[in-house]
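For reference, the structure is listed below as structure tokens.
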2 protein chains.
Amino acid sequence: MTPALETAAAPLRRDAAANRERILTAAVEVFSASGAEAGIDEVARRAGVGVGTVYRRFPNKDALLAEIVAQLLRDLVTVARGALDAAPEAGLAAFLAGAGELQARHAGCLWQLWSGGHEGSETLRELRAIGQQLLARAQDAGAVRSELVYEDIGLLLWSLAGVVESAHGVDPQLWRRTLEIMLHGMKPSPEKLTHPPLPPGGLDAVARLATERRASGR
Amino acid sequence: MTPALETAAAPLRRDAAANRERILTAAVEVFSASGAEAGIDEVARRAGVGVGTVYRRFPNKDALLAEIVAQLLRDLVTVARGALDAAPEAGLAAFLAGAGELQARHAGCLWQLWSGGHEGSETLRELRAIGQQLLARAQDAGAVRSELVYEDIGLLLWSLAGVVESAHGVDPQLWRRTLEIMLHGMKPSPEKLTHPPLPPGGLDAVARLATERRASGR
DNA sequence: TTCCAAGCGGAACGCTCGTTCCGGTTGCGA
DNA sequence: TCGCAACCGGAACGAGCGTTCCGCTTGGAA
């Protein structure tokens, strides 16, 4: 999408650049159909290239997944920016709906999205900044309960991911219903939430631990 | 827990029976600490036995996981039964809270819980029957929106599982906050949910597809 | 048109992990 | 106490998958 950035080092030959895109597209399709445990050969076959080609473009499978997730993260920021244009009381809901759609298109990579190693990334920081803004606006407009913090948004998206991944084959839109329930639950109410939220920046800690946990499992 | 059932075929020698329990306990600990991808040797080491012993008791890894999940399912039924004793407007919430706790104690096995191959199991049928009863009571008492169906409950638990698994290391109780939001969202409101629910029995279809998806990934 | 750096396919390698196998050990009925 | 069927530990095997390697092909600058 923004080839100008990658080509900084050395402009890819035209066929190579095209293959890179084919590989990324195929990978999203394969992973979303079979989960991220799908083999590289599967991705290569789908892209119509050999495994060697995949490995010349991406140093390893994790890097391939990371690139997909990075793109997804950028798209999330775009969606969030768009939601800033909506009315204050609707912006947060619009973002969550958009994020749900993006997640639905990337089933299989969602674990890497929320637990990947991009804690320090600029994109993630930007997403947080805009998300906090959307939340604050919705709260000021009286559309969302004041106890909510940004970390709650992240967790809701993460739990939505479960529905997205599991129900994808039966009703690819089912997550919308779960989201509706969550949105209702986020509205202001005299009955406050009692369990404390994650501390600020807590999502990073969650991501870090999830990665470690995975590592210790092998 | 109910050894009388398993011993129907041939009573286990005392040390063998003890080892079986040690293995199950160790497996829950290991899987919940490192995910279900943890190796059998890890489980065996934790249980203080050799891998051979694990395999004499359980034909393969899937069977070990299945036994854990079967026990978890039985515990869920117990919790659900207990919730029937609560006031009609509180029973469903009590069940969900209890189910959350059980899930928290079995992080790592939750995927197998919701996608395992026990679609036809008697326990699952019983869970559904009680769950439907809890839901109907809550609806009759005016505590829960009338559009909700049993399948929504299953999906909410499944999405809760995501929070349980991911946030476990940072705040093992954090799922309670997400559940609170969900519970608020489940309350009656003039603004009805618009996206249609899963059809009756739809959870089985979800489970079946999830299993296939996994299989095609290998 | 020529030439070669860059690219390509896919066979082969090695590591991980589930599973099997076997020689030694032990609970427990007689 | 004796004898053996059941049990035990852990080395070894094999399948699957990520990764590497190498001989052939090709885009595109000169």
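The values are calculated or read from the model by the stated rules, or taken from the named source; none is laboratory data. None of the values given here were measured: they were computed from a predicted structure. Here the Cβ is made from the backbone with ideal geometry for all residues, glycine too, and neighbour counts use every protein chain on show.
Numbers below:
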item	result
Residue check for B:R125: out of contact with any Pro (no Cβ under 8 Å at 6 or more places or on another chain), more than 24 Å from A:P172 (Cα to Cα) and more than 8 Å from every other protein chain (Cβ to nearest Cβ)	yes
Hey, A:R81 within 16 Å of the chain's Cα centre (by Cα), farther than 17 Å from A:C109 by Cα and either within 14 Å of DNA strand D (Cβ to nearest atom) or at pLDDT 95 or above (or both) or not	yes
Residue check, B:L135 touching a residue at least 60 places away in the same chain (Cβ under 8 Å), under 21 Å from A:L179 (Cβ atoms) and out of contact with any strand residue (DSSP E or B) (no Cβ under 6 Å at 6 or more places or on another chain)	no
Any hit, segment B:54-69, residues being more than 16 Å from DNA strand C (Cβ to nearest atom) and either assigned to a helix (DSSP H, G or I) or out of contact with any Asp or Glu (no Cβ under 9 Å at 6 or more places or on another chain) (or both)	no
Positions within segment A:178-190 being out of contact with any helix residue (DSSP H, G or I) (no Cβ under 7 Å at 6 or more places or on another chain) and at the interface with another protein chain (Cβ under 7 Å from one of its Cβ atoms), in sequence order	A:E180
Count of residues meeting criterion [hydrophobic (A, V, I, L, M, F, W, C), outside any helix (DSSP H, G or I) and more than 25 Å from A:E147 (Cα to Cα)] in segment A:173-214	1
Some residue of segment B:135-150 being over 12 Å from B:L92 (Cβ atoms), within 12 Å of chain A (Cβ to nearest Cβ), out of contact with any His (no Cβ under 8 Å at 6 or more places or on another chain) and not aromatic (F, W, Y)	yes
Near pairs, Cβ below 7 angstrom, 6+ apart or cross-chain, from segment B:61-84 (closer than 19 Å to B:F31 by Cα and within 14 Å of another protein chain (Cβ to nearest Cβ)) to any residue that is within 16 Å of DNA strand D (Cβ to nearest atom) and assigned to a helix (DSSP H, G or I)	B:K61/B:I40
Some residue of segment B:92-107 being outside any loop (DSSP other than H, G, I, E, B), out of contact with any strand residue (DSSP E or B) (no Cβ under 7 Å at 6 or more places or on another chain), near DNA strand C (Cβ under 10 Å from one of its atoms) and farther than 24 Å from B:A129 by Cβ	no
Segment B:80-101, residues that are buried (at least 19 other Cβ atoms within 10 Å of the Cβ) and either within 29 Å of B:G35 (Cα to Cα) or out of contact with any Phe, Trp or Tyr (no Cβ under 6 Å at 6 or more places or on another chain) (or both)	B:A80, B:G91, B:L92, B:A93, B:F95, B:L96, B:A99, B:G100
Test: residue in segment A:163-172 that is more than 10 Å from every other protein chain (Cβ to nearest Cβ) and in a helix (DSSP H, G or I)	no
Filter result (surrounded by fewer than 14 Cβ atoms within 10 Å (Cβ to Cβ) and of a type in the set (S, T, Y)) within segment B:178-197	B:S189, B:T194
Every residue from segment B:9-50 that is in contact with a Gly (Cβ under 9 Å, 6 or more places away or on another chain) and β-branched (V, I, T)	B:V28, B:V30
Matching option when the condition is within 16 Å of DNA strand D (Cβ to nearest atom), assigned to a loop (DSSP other than H, G, I, E, B), under 30 Å from A:D15 (Cβ atoms) and hydrophobic (A, V, I, L, M, F, W, C), among A:A36, A:A44	A:A36
Residue in segment B:198-218 that is modelled with the lowest pLDDT, counting only those that are facing chain A (nearest Cβ under 7 Å) and surrounded by 18 or more Cβ atoms within 10 Å (Cβ to Cβ)	B:R213
Filter result for B:L157 (more than 7 Å from chain A (Cβ to nearest Cβ) and surrounded by 19 or more Cβ atoms within 10 Å (Cβ to Cβ))	yes
Condition met for A:A129 (closer than 19 Å to A:P197 by Cα and surrounded by fewer than 22 Cβ atoms within 10 Å (Cβ to Cβ))	yes
Any hit, segment A:162-176, residues being over 21 Å from B:A161 (Cβ atoms) and either within 17 Å of the chain's Cα centre (by Cα) or not β-branched (V, I, T) (or both)	no
Filtered residue count, segment B:12-50, keeping only those that are away from DNA strand C (no atom under 13 Å from the Cβ), within 14 Å of another protein chain (Cβ to nearest Cβ) and among the acidic types (D, E)	1
